[in-house]
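The values are calculated or read from the model by the stated rules, or taken from the named source; none is laboratory data. In this text, all values refer to a predicted model and were calculated from it rather than measured experimentally. Don't worry about glycine lacking a Cβ; one is built from the backbone with ideal geometry, like all the others, and counts go over all protein chains shown.
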Amino acid sequence: MKSIGSFIKKYINVFLGIIIVLLCIGIYFIRKNTYLEYTSNLYYMNTYIQIRLFSNQEQKAKEALKGVEEIFKVYHDLSNKYEKKDNNLYTLNEGKQDDFLLDSRLYDLLEYGIQWYEKSNGLFNINMGCVTDIWKNYREKESGVPTQEELFACDISIDNIKLSDHKLMNQGQNIDLGGISKGYTTSIAADYLKEKGITRFIINAGGNVVVGDHYNQGKYQIGIENPNLDGSLLTVVNANNISVVTSGSYERYYEYDGVRYHHLIDPKTRMPANYMKGVTVLSKDAKMADALSTILFLMPIEEGMKYLEKIEGVEAIWCGMDGTLYRSKGFFQYES
Amino acid sequence: MEWMELFIVLRGFFNMNPSDRKVILFFLLLFFIFLLLFSLKKEPSNKEALVYFKNELVLTIDLSQNDFYKTKGTQGDILLEVKDFQIRVVEENSPKHLCSKQGFIDKSYETIVCLPNEVVIKIKEKKGSSIDTVVK
């Protein structure tokens with residue numbers, strides 16, 4: 001006993017020293033792996049945008065938040081069709097010049113939007129501004145329905161958007177980027193964050209969500225809201241590094257004579273599409289997910305399922321008019 | 001860099017007089033106990049509503065107390081009601097009154113967004129839902 005006692009006494013400082021060293025090393029690693037959350041609430045593109053970053057470097061995270069806000073501000077201004085800014089969409093639609101030298105970011109966005117016209121057999125048409133303007137006026141008045149004459153007086157030919165050599169030739173275009181600008185911008189913002197070394201993030205811009213790596217080695221749980229808006233969820237998607245985008249008839253609409261008229265217009269009938277309550281698309285590519293959610297909303301569910309089979313790495317869940325859920329083949333992999 | 005600092009601190013510690021070392025160890029122990037206690041008590045015990053105006057957290061409301069609250073938005077004041085652990089917007093000034101039409105919310109992933117007023121209301125709870133975000 002005595003010898004053990006004296007042994008402990010003799011080496012107590014060594015033991016305590018070792019404990020301190022271990023504690024210090026522990027704290028160092030805990031600090032290194034502790035990701036604090038940095039958030040920012042923005043209001044651009046007529047929607048509420050929430051940015052959440054998880055980082056162990058405060059300065060870097062705060063700079064990144066500012067950078068993301070700047071991206072949303074720039075793209076908000078460029079794609080704004082209702083407010084005049086230097087060579088933005090409003091100016092192009094005004095058509096007061098023979099041609100416009102475009103900001104390269106707007107040029108790329110327009111080019112990307114036009115690509116989807118062919119890929120969707122004309123369902124995704126960014127030259128629908130004339131039609132969407134008419135519907136917007138009725139939506140704001142909350143009364144009446146536009147006549148067929150009114151709607152079909154619009155020339156929505158995609159050939160009216162003539163791009164070449166960073167210029168847009170004035171052809172009487174009326175461009176509306178509402179179906180693509182949010183997804184496009186979230187994608188740019190996500191790329192920016194990764195470039196800055198911030199891989200753990202959630203960007204939620206209305207119906208457009210992009211997540212990066214998880215903050216805690218798990219997977220993000222992304223709820224898909226029930227179109228009934230009763231606060232319940234249709235399902236939960238478990239995934240990292242993915243984009244989840246919903247198009248629904250329940251966000252922007254008005255009711256007249258007991259009929260609901262929402263903002264997603266079928267270019268063929270020029271009326272709101274009524275195949276479903278909503279559709280949610282999952283893809284690694286946020287730009288594509290946004291365009292596809294609009295396209296799938298504008299076609300019958302079965303047709304949409306077939307359409308999606310041709311595109312790799314994309315899944316979707318549809319909520320039918322009666323609330324029935326339809327899933328693409330691989331969607332279940334993402335559900336818990 | 002951090003490893004070098006650690007080394008310098010440790011060298012100082014071992015060159016120290018043993019009684020001083022004990023005092024330091026005592027305080028370190030006390031520090032770790034506090035750290036443990038604080039890390040356990042960090043989360044709020046109640047369900048709370050967080051009210052943001054633009055990018056600022058302007059109000060934190062305990063949802064266990066039924067009451068009315070006022071907060072400011074870009075279009076004027078907003079009246080909030082808390083009832084049975086839920087919160088809603090009662091009155092606000094906006095063209096369509098979407099956020100007062102939304103009604104009560106009570107889940108941690110639900111939000112009320114008053115877009116024209118640049119006000120957002122979120123719910124925070126200790127053992128809330130594990131949902132990280134919601135797409136609508």
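Before moving on, here are some points about what is shown:
- Residues satisfying the stated conditions in the stretch B:95-134, i.e. hydrophobic (A, V, I, L, M, F, W, C), under 15 Å from A:Asn226 (Cβ atoms) and modelled with pLDDT under 90: B:Ile131
- Residue that is modelled with the lowest pLDDT [pool: residues in the stretch A:248-266 that are surrounded by fewer than 20 Cβ atoms within 10 Å (Cβ to Cβ) and part of a loop (DSSP other than H, G, I, E, B)]: A:Glu251
- Test result for A:Gly183, buried (at least 23 other Cβ atoms within 10 Å of the Cβ), among the small types (Gly, Ala, Ser), free of Cβ contacts under 8 Å to residues at least 40 places away in the same chain and within 14 Å of chain B (Cβ to nearest Cβ): no
- Any hit, the stretch A:59-76, residues being assigned to a strand (DSSP E or B) and loosely packed, with under 13 Cβ neighbours inside 10 Å: no
- Within the stretch A:77-88, restricting attention to residues that are in a loop (DSSP other than H, G, I, E, B) and without any contact (Cβ under 8 Å) to a residue 40 or more places away in the chain, the residue that is nearest to A:Phe100 (Cα to Cα) is A:Asn87.
- The number of residues in the stretch B:125-136 that are more than 9 Å from every other protein chain (Cβ to nearest Cβ) and under 20 Å from A:Val209 (Cα atoms) comes to 0.
- Yes/no for B:Lys122 being of a type in the set (D, E, K, R) and outside any strand (DSSP E or B): no
- Residue count for the stretch B:95-113, restricted to those that are out of contact with any Lys or Arg (no Cβ under 6 Å at 6 or more places or on another chain), facing another protein chain (nearest Cβ under 9 Å) and part of a strand (DSSP E or B): 2
- Search result, residues across the stretch A:31-83 that are within 11 Å of chain B (Cβ to nearest Cβ), of a type in the set (A, V, I, L, M) and in contact with a Leu (Cβ under 9 Å, 6 or more places away or on another chain): A:Ile49, A:Ile51, A:Leu65
- Considering (1) crowded, with 20+ Cβ neighbours inside 10 Å; (2) outside any strand (DSSP E or B); (3) modelled with pLDDT of 95 or more, the lone condition that A:Ile51 does not fulfil carries the number (2).
- Residues of the stretch A:8-23 that turn out to be exposed (fewer than 15 other Cβ atoms within 10 Å of the Cβ) and either within 11 Å of another protein chain (Cβ to nearest Cβ) or not hydroxyl-bearing (Ser, Thr, Tyr) (or both), as a count: 11
- Within the stretch B:74-94, the set of residues being in contact with a helix residue (DSSP H, G or I) (Cβ under 9 Å, 6 or more places away or on another chain) and in a strand (DSSP E or B) comprises B:Ile78, B:Leu79, B:Arg88, B:Val89, B:Val90, B:Glu91.
- The C-beta contact set for the stretch A:58-74 (first residue over 13 Å from A:Ala190 (Cα atoms), second residue assigned to a helix (DSSP H, G or I), distance under 8 angstrom, 6+ apart or interchain) comprises A:Val74/A:Arg105.
- Cβ separations smaller than 9 Å between residues 6+ apart or across chains give the following pairs from the stretch B:56-68 residues that are part of a strand (DSSP E or B) to residues that are among the acidic types (Asp, Glu): B:Thr60/B:Glu48; B:Ile61/B:Glu48; B:Ile61/B:Asp67; B:Asp62/B:Glu48; B:Asp67/B:Glu81; B:Phe68/B:Glu81.
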